[in-house]
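Okay, structure first, notes after.
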Amino acid sequence: MPEANDIVFETLAKISSSIFVNREVLRPDYVPEVLPHREEQIRRLTEHLAPLLRGERPSNIFIYGLTGTGKTAVTKYVLRRVSEYGRQRGIMHFVFSYTNCRHDDTTYRVLANIVESLGGRVPFTGLSTAEVFRRFKRVLNTSGKILVAVLDEIDFLIKRAGDELLYRLTRINDELVKGKVSVIGITNDVKIMDRLDPRVRSSLGEVEIVFPPYDALQLTDILKERAVKAFRPGVLEEGVIEYCASIAAKEHGDARRALDLLRVAGEIAERSGDRKVTVEHVRLAREEIERDMVVDVIRTLPYHGKIVLLVIALAGGRFNSTGELYTSYRDLTMKLGVEPVTQRRVSDIISELDMLGVVTAKLVNRGRYGKTRQVTLTVDPNTIIKAFEDDPRIGWFARKVGQSGRD
């Protein structure tokens, strides 16, 4: 029987990659030198940031688009290029700050991140928000620079902390002696402006840039561009890139999804010791990604969010109205022996699931019967049911359903 160290060495030797040259090229946070099919958005964003080079504050910008449409990549790409252009010409009177509000979803953490980008320091906790804001103004006044604060996935901040920070950031220029602030907000929620105070809305939405979904041909171009750098020559079988692109195009043109499929397919081939990445590896990758995504989503959901998601899965992944969904939800709570929440709360839960990307909730007009939402799972219902089988509170029911399905 081999010793533990031998097992490690043998495993590492076996998987030293015959597939990848640089898999990081396929990760969502990688910003390439070329961004196909986003030339118009790059040009517009650059034009709106150009005043920085003249010592002027650019307009506030709001960037919309579904997940995986290149919003973050284009923004980081343009900021990097503008910074390089400024440095080459000795123009150093502006600075960029990037915050992902999904990770830093409190006013305190966003402000602390901005202060640190200006060279200031803020303890992780312990100060009031008002004190952190005072430090921010002091540091910015001292630097005299123009700050462009990028708030990615800004809808998470608004949902958690409201729009007070946005109001203060968009009004702060009246309080500064030196230095100025512009805000770039990035979101996949096209209705986010409806939730903002009218004063914030008018200040923040000075310029809007929309990123449309990619189609299958555009996704193919993107994958080919990355695949050249990511994989060893000849390892991708014919049709693999096109298959990844077609799957992602059907799921709202999500380039991130296409890249994940290609990367995970390569990793599955690598673990299996295969010399080629095939369409079958992509199919396996799709199952693995869906399973992992569902597990991650389920872990973050409150109890009744889990019940609503299970209800949708048990119905085959689709409800034509929220009323029908709520009736089924109440039936399931009775079986589980729990008190149901209100229909309004279930409607909020559906919106949260939509934001997480596990369902789509499409508004439909039913004429004299009013408007409702058509709710559809974005993953296989069986993947949802199977993922719930390990849940301590509703796992017994999911296992029962899953077993009856297998029988």
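The values are calculated or read from the model by the stated rules, or taken from the named source; none is laboratory data. Quantities reported herein were computed from a predicted structural model and do not represent experimental measurements. Because the Cβ atoms are built from the backbone with ideal geometry, glycine has one as well, and the counts that use them run over all protein chains shown.
Descriptive notes on the structure:
Matching residues to (1) of a type in the set (Val, Ile, Thr); (2) in a strand (DSSP E or B); (3) under 23 Å from the mean Cα position of the chain (by Cα); (4) under 19 Å from THR278 (Cβ atoms):
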| site | (1), (2), (3), (4) |
| --- | --- |
| SER203 | no, no, no, no |
| ILE209 | yes, yes, yes, no |
| LEU217 | no, no, yes, no |
| LEU223 | no, no, yes, yes |
| ARG226 | no, no, yes, yes |
| LYS229 | no, no, no, no |
| GLY234 | no, no, no, yes |
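- Once segment 272-303 is narrowed to residues that are assigned to a helix (DSSP H, G or I) and of a type in the set (S, T, N, Q), the residue that is surrounded by the fewest Cβ atoms within 10 Å (Cβ to Cβ) is THR300.
- Residues satisfying the stated conditions in segment 20-51, i.e. surrounded by 21 or more Cβ atoms within 10 Å (Cβ to Cβ) and either over 20 Å from THR99 (Cα atoms) or among the β-branched types (Val, Ile, Thr) (or both): LEU26, ARG38, GLN41
- Scanning segment 30-55 for residues that are outside any helix (DSSP H, G or I), touching a residue at least 24 places away in the same chain (Cβ under 8 Å) and either among the charged types (D, E, K, R) or on the phi > 0 side of the Ramachandran plot (or both) yields HIS37, ARG38, GLY55.
- Segment 69-126: number of residues that are part of a helix (DSSP H, G or I) and in contact with a helix residue (DSSP H, G or I) (Cβ under 9 Å, 6 or more places away or on another chain): 18
- Selection status of VAL228, at pLDDT 95 or above, surrounded by fewer than 18 Cβ atoms within 10 Å (Cβ to Cβ) and among the aliphatic types (A, V, I, L, M): yes
- Among the residues of segment 72-82, some residue qualifies, meaning at least one is outside the structural domain of ARG257 (by TED's automatic domain parsing) and over 30 Å from ALA249 (Cβ atoms).
- Put simply, of THR11, THR72, THR67 the only residue that is at pLDDT below 95, surrounded by 15 or more Cβ atoms within 10 Å (Cβ to Cβ) and either of a type in the set (Ser, Thr, Tyr) or closer than 28 Å to GLY234 by Cα (or both) is THR67.
- Only residues that are out of contact with any helix residue (DSSP H, G or I) (no Cβ under 7 Å at 6 or more places or on another chain), modelled with pLDDT under 85 and small (Gly, Ala, Ser) were counted in segment 172-220, giving 1.
- Contact annotation: residue pairs with Cβ atoms under 6 Å, 6 or more positions apart or on different chains, pairing a residue in segment 128-141 that is at pLDDT below 95 with a partner that is exposed (fewer than 13 other Cβ atoms within 10 Å of the Cβ) and aliphatic (A, V, I, L, M), are ASN141/VAL177.
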